[in-house]
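**Student:** Below you will find the structure I want to go over with you.
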Amino acid sequence: MNHSFLMQIATDSTAVSEDFKEVAIWQAVKDAGSTPMGAIVLIVLAIMSVYAIYIFVERFLALRRASQIDPNFLTNVKQMLVDGKIDDAKNLCARTNTPSARMIEKGISRLGKHVDVVSSAIDNTGKLEISKLEQRLSFLATASGAAPMIGFLGTTLGMVQTFNEMKNLDSLQLDTIAPGIMTAMVTTVAGLIVGIIAYMGYNYLVAKITTVIYRMENDAMEFMDLLHKPGN
């Protein structure tokens, strides 16, 4: 009986503690946003976080599509070219939605010209594909450094407000200085969270892009090796 009673008290205490944490966090954010500058800083950080997450998800899906591998793709292209089926090889590349396929398609369209012309066409297409893979990543790199600084700006503004309020007080009143302190603390935390998310997302995507680039270089090299074989 006593054991059940103690277990119930422990359960109720945990529930109350969780509710208190949620209320305390929300109240802290509310207090920080109660000042004009704190509200502006938090809104800017919220917009940055939403856009950073959007970029990460969009680039992640794009890189997953670019990373799809058909183990027989390059073999089939080579065989078609050896058999003289150039149009079939181009159609296969067009149906394969990957950067490597678009590079090789451009190379096939230059067949019959000097090897250097074919190589240059592949290189230029490769650079264009890489720029497409890297689009909007600069925002994540910028946000990873700018978000903490914006948070620290909110900290400075909050402390300025706090000391300005304290200057006009005859005695210390927590209700008066609390909004400034909350602005300082909450904006710092928010800036660091946004910065960490952007930093980790940026580095993850860069690693994925590097993998795709290595595969593109390997496929381009194999295609050029085919052109350098005797009889081609």
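**Student:** Alpha carbons only, please: Rg and Dmax for region 74-151, in angstrom.
**Tutor:** 18.3, 63
**Student:** State, to one decimal in nm, how far the label point of Met200 lies from the label point of Asn218, with both points 7 Å from Cα in the Cβ direction.
**Tutor:** 2.9 nm
**Student:** I've got another one for you. For region 35-132, with every protein chain kept in place, what is the accessible area per residue (1.4 Å probe, Å²)?
**Tutor:** Details: 5580 Å² over 98 residues.
Ligands and nucleic acids excluded, the result is 57 Å² per residue.
The values are calculated or read from the model by the stated rules, or taken from the named source; none is laboratory data. From a predicted model like this one, the values you see are computed outputs, not experimental measurements. Because the Cβ atoms are built from the backbone with ideal geometry, glycine has one as well, and the counts that use them run over all protein chains shown. Accessible surface is based on the protein model in full, side chains and every heavy atom, while ligands, DNA and RNA are left aside. Shrake-Rupley method; radii C 1.70, N 1.55, O 1.52, S 1.80 Å.
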